[in-house]
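The values are calculated or read from the model by the stated rules, or taken from the named source; none is laboratory data. Being a predicted model, the structure only gives us computed values, none of them experimental. Glycine gets a Cβ as well: all are built from the backbone with ideal geometry, and neighbour counts include every protein chain shown. Accessible surface areas use protein heavy atoms only, side chains included; no ligands, DNA or RNA. Shrake-Rupley method; radii C 1.70, N 1.55, O 1.52, S 1.80 Å.
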Amino acid sequence: MDVRTSRPHLPSFILMTLLVAMVCGMTIAGFAAPRNGKPLAATPPMGWNDWAHYQCDFTAQTILTNAKQLVKSGLAAHGYNTVTIDDCWMQKDRDAKGDLQVDPQRFPQGMKPVAQAIHAMGLKFGIYEDAGYETCGKFAGSGVPDGGGSDHFLQDARLFASWGVDYLKLDGCNVYVPAGGTQADAYRKAYAAESAALKKVGRPTVFSESAPAYFQGTPDWYDVLSWVRDYCQLWREGTDVATFDPAKPDRPRFHSVLWNYSYNLPLGRFQKPGNWNDADFIIGGDDGMSLAETRSQLALWSMMSAPLILSSDLEKLSSEAIAILSNKAVLAVDQDPLGKTATLVRRNQIMDVLFKKLSGGSYAITVLDRGPSPIQVELHPADFGFSANSGCRLEARDLWSGTNQSATSTLEANVASHDTAIWRIRPSSSCGTPTRTGTIVMIAVGSHHHEFIDHYTRCLTASGIVEDCAGTSAETWTMTPSGTLKSGGKCLAVADSKTAMQACSASKAQHWKYTLLGNLVSADGACLTASGPDDQSAPLSISACGHNQPDQIWSLPN
Ligand code: GLA
C-alpha cells in the first residue's frame, strides 16, 4: 500500500492557494486589497458602539447584550452589522512582552471569546485604540511613548488580528510631538504607521481615524482632512456628540446633533466612496432625543452619506425608534453607491433645505426645522437646479409616510419643530440634468463651538458680502461645469482686482477654479476673499491665496 502524508504536492498547493485567494477576491500580498473588487467600506459603515451611552461603565455582558439586541431588533439585518468596543477595555500598562492587557474586571474571559460570540451572531467585531501614548481615558495607547521611543502599532495590530478584529477606531488623544516637529506631522506619522501595520498584518480591517478632530477650528484642519483619506476608510473630524449622563437622563441632546451636522455638512469635498467623513454616533432613540429628533438625525446623516453607528442602550429603544432607524428607504439614501454629501440649498434662522444626487437618476430632498415651532415651505424643481420650464414634474415619495405624489411641480413640506421631512424624487425628462445649485458658505471664524450653530456658516450673497444665511434668493448660486458662479442671472467676475456681478460671458474674468482645500481661484491665480468671515460691511476682495486662510475657504454646491 502506498502510504502518503497528507501534505499536498507543493506546486498544486500553491495553485490551490492562488485559486482560493482569487475566489475570495484577496491578493496574495496579505489580503490588504479590496474584496470582491469592492473597496472596504464602499458605502458608509454601520453598526453599534458602546461609548455615547455607557462611556466606561460597561462589561463584556453589556457588549453582548447589545449585540444580541442588534440582531433581535432586526437592526443588524438592516445593515447595522459591526459591534465596536470603545475606550476603557484595556489596562493602563502593557505586560512583560509589551502586549496590551484586557481589563479583567470587564472581560473575565479575555477578549477573544467576546469577539467569537459577536462573530457567531453574524456580526463584525470592532475595537478602539489610540494613536497616542495613552487613550483619551488614559489607558495604554498604541503610539510613541511620551518623550519618545518605539510605538506598538504593529504589535497591537497583530493582537487585534488574532482576536478577529474587523474594524479599528484609532483615536488621537495624547500624541507625542517630538521637539522641533509639528503636531500635524506627528499625527500624520502615527496614522500612516497604523495603516502600514494593518496592511502588514493583512486582515481586512475597516480603519477609522480621529486625526482631523484634533485640529478642528485651526487652519491645519484642512491639511489633515486632505491627507487622512490616504490611510483609512473613515475619520472623525470634530467634537463628540453629547453622551448619555445617568445623573441627568433627560438632558436634551439634539443641540449637539445639530452641531455635528453643521460642521460635517460643509466638508463634502473630502469624502468619496470608501473614504467617509464621520459625523459621530447616532444617538437617536436614546435618552434626551425625541422621535422627531431621531428622524432628523437619521435623515441628516443619510443626506451626508455619514457612517451610521448607533450608540444607545438598544434594549431601551422604543418600537417607534427602531422603526425609524430601520427605515429602508432612508437607509438607502445613506448607503447610495455615489456616496455624495448633500448640497445646502437654502438656510435661514430655523430651516435647512438639502439636496442629494443618488444613483439611477433619483435625488433626495430634506427640510429640517431647527426652530421651536412648525414650518411650512413650498419647494420647486428650479430650487434644486432643474429646468424652470413648466413641463418639469417630479415623482416624489415621502420616505417617512411612504406616500407618493406623482407629476408634481411643488413639494409642500409641513415640518414639526426639530423634525425633518425627506423625499426621494425622480424628475421627468423635461427637468433636464440639475446644475449645481445652492448656497456658497464660509465657516465663521471662532465658531467651532456648540453655541454658534446658527452662525457656524455664513452665506455669500450676490451683492458681494458674506452674511448670516437668511434663505434669500441672493444666496442662491449655480456653479456651471465651465467654472462660472451665477446668481440672479449674472456671473461673479474679477474686474480691476475687485469682484463684480457682470452679464455672463465666456470671459476668463468669470472663471473660477475650486480646490480641495476650499479656495475659489480666479484665472490669474488669486483667491476670492471675504472681508473677514465675521464682517458684514466690507465688500469681497481678490487677494493672493494664503494657505488655509479662513476667509478664503468656501463650501460650494456638491
Ligand atoms: C474621544 C472620542 C470618543 C470616545 C472617547 C473615549 O472623546 O471622540 O468617541 O472614543 O474619546 O475616551
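Give the residue, chosen from 219, 204, that is in contact with a His (Cβ under 8 Å, 6 or more places away or on another chain) and more than 16 Å from the ligand (Cβ to nearest atom).
Details: 204 fails: in contact with a His (Cβ under 8 Å, 6 or more places away or on another chain).
Checking each option against the conditions leaves just 219.
For the range 248-274, how many residues are surrounded by fewer than 20 Cβ atoms within 10 Å (Cβ to Cβ) and free of Cβ contacts under 8 Å to residues at least 60 places away in the same chain?
Summing the residues that are surrounded by fewer than 20 Cβ atoms within 10 Å (Cβ to Cβ) and free of Cβ contacts under 8 Å to residues at least 60 places away in the same chain in the range 248-274 gives 5.
Starting from residues that are in contact (Cβ under 8 Å) with a residue 60 or more places away in the chain and closer than 24 Å to residue 215 by Cβ, keep the ones in the range 145-169 and report whichever is nearest to the chain's Cα centre (by Cα).
Going through the range 145-169, the residues in contact (Cβ under 8 Å) with a residue 60 or more places away in the chain turn out to be 159, 166-167, 169.
Applying the additional criterion that residues be closer than 24 Å to residue 215 by Cβ yields 167, 169.
Details: 167: 16, 169: 14 Å.
Restricting to residues being in contact (Cβ under 8 Å) with a residue 60 or more places away in the chain and closer than 24 Å to residue 215 by Cβ, the top hit is 169.
On the given criteria, is residue 416 among the hydrophobic types (A, V, I, L, M, F, W, C), in the same structural domain as residue 348 (by TED's automatic domain parsing) and either over 28 Å from residue 324 (Cα atoms) or modelled with pLDDT of 95 or more (or both)?
Details: among the hydrophobic types (A, V, I, L, M, F, W, C): yes; in the same structural domain as residue 348 (by TED's automatic domain parsing): yes; either over 28 Å from residue 324 (Cα atoms) or modelled with pLDDT of 95 or more (or both): yes.
When the stated conditions are applied, residue 416 passes them.
State whether one or more residues within the range 20-27 are modelled with pLDDT of 85 or more and either exposed (fewer than 14 other Cβ atoms within 10 Å of the Cβ) or among the aromatic types (Phe, Trp, Tyr) (or both). Don't jump to the end; show me each part of the working.
Within the range 20-27, the first condition is being modelled with pLDDT of 85 or more, and the residues that meet it are none.
Checked against the condition, which is being modelled with pLDDT of 85 or more and either exposed (fewer than 14 other Cβ atoms within 10 Å of the Cβ) or among the aromatic types (Phe, Trp, Tyr) (or both), the range 20-27 yields no hits at all.
With 125, 107 as the choices, which residue is open to solvent by less than 10 Å² (accessible area, probe 1.4 Å), in the same structural domain as residue 245 (by TED's automatic domain parsing) and in a loop (DSSP other than H, G, I, E, B)?
Values: 125 fails: in a loop (DSSP other than H, G, I, E, B).
That would be 107, the only listed residue that is open to solvent by less than 10 Å² (accessible area, probe 1.4 Å), in the same structural domain as residue 245 (by TED's automatic domain parsing) and in a loop (DSSP other than H, G, I, E, B).
Before we move on, is residue 323 out of contact with any helix residue (DSSP H, G or I) (no Cβ under 6 Å at 6 or more places or on another chain), farther than 17 Å from residue 354 by Cβ and surrounded by fewer than 24 Cβ atoms within 10 Å (Cβ to Cβ)? Spell out the reasoning first.
Details: out of contact with any helix residue (DSSP H, G or I) (no Cβ under 6 Å at 6 or more places or on another chain): yes; farther than 17 Å from residue 354 by Cβ: yes; surrounded by fewer than 24 Cβ atoms within 10 Å (Cβ to Cβ): yes.
Criteria met by residue 323.
Quick one: in the range 166-191, of everything that is open to solvent by less than 30 Å² (accessible area, probe 1.4 Å) and more than 16 Å from the ligand (Cβ to nearest atom), which residue is nearest to residue 127 (Cα to Cα)?
Across the range 166-191, the extreme among qualifying residues is 166.
Is it the case that residue 214 is within 15 Å of the ligand (Cβ to nearest atom), closer than 19 Å to residue 265 by Cα and in a helix (DSSP H, G or I)? Spell out how you get there, then give the answer.
Numbers: within 15 Å of the ligand (Cβ to nearest atom): yes; closer than 19 Å to residue 265 by Cα: yes; in a helix (DSSP H, G or I): yes.
Taking the combined requirement at face value, the residue satisfies it.
With the requirement that a residue be surrounded by fewer than 22 Cβ atoms within 10 Å (Cβ to Cβ) and touching a Phe, Trp or Tyr at 6+ places or on another chain (Cβ under 6 Å), what does the range 276-320 give you? Don't jump to the end; show me each part of the working.
First pass over the range 276-320, keeping only residues surrounded by fewer than 22 Cβ atoms within 10 Å (Cβ to Cβ): 287-288, 290-292, 313, 315-320.
Selection gives 287 alone.
Go through the range 185-211 and report how many residues are in a loop (DSSP other than H, G, I, E, B) and closer than 13 Å to residue 130 by Cα.
Result for the range 185-211: 1.
Against the definition (surrounded by fewer than 19 Cβ atoms within 10 Å (Cβ to Cβ), over 29 Å from residue 226 (Cβ atoms) and touching a Pro at 6+ places or on another chain (Cβ under 8 Å)), how does residue 245 come out, yes or no?
Numbers: surrounded by fewer than 19 Cβ atoms within 10 Å (Cβ to Cβ): yes; over 29 Å from residue 226 (Cβ atoms): yes; touching a Pro at 6+ places or on another chain (Cβ under 8 Å): no.
So residue 245 does not fit the description; no.
Is it the case, given these coordinates, that residue 41 is assigned to a loop (DSSP other than H, G, I, E, B), at pLDDT 95 or above, more than 16 Å from the ligand (Cβ to nearest atom) and not assigned by TED's automatic domain parsing to the domain that holds residue 298?
Taking the combined requirement at face value, the residue satisfies it.
Contact list please: Cβ distance under 6 Å, first residue in the range 454-472 and in the same structural domain as residue 260 (by TED's automatic domain parsing), second residue of a type in the set (Lys, Arg) and modelled with pLDDT under 90, pairs at least six apart or on different chains.
Nothing qualifies.
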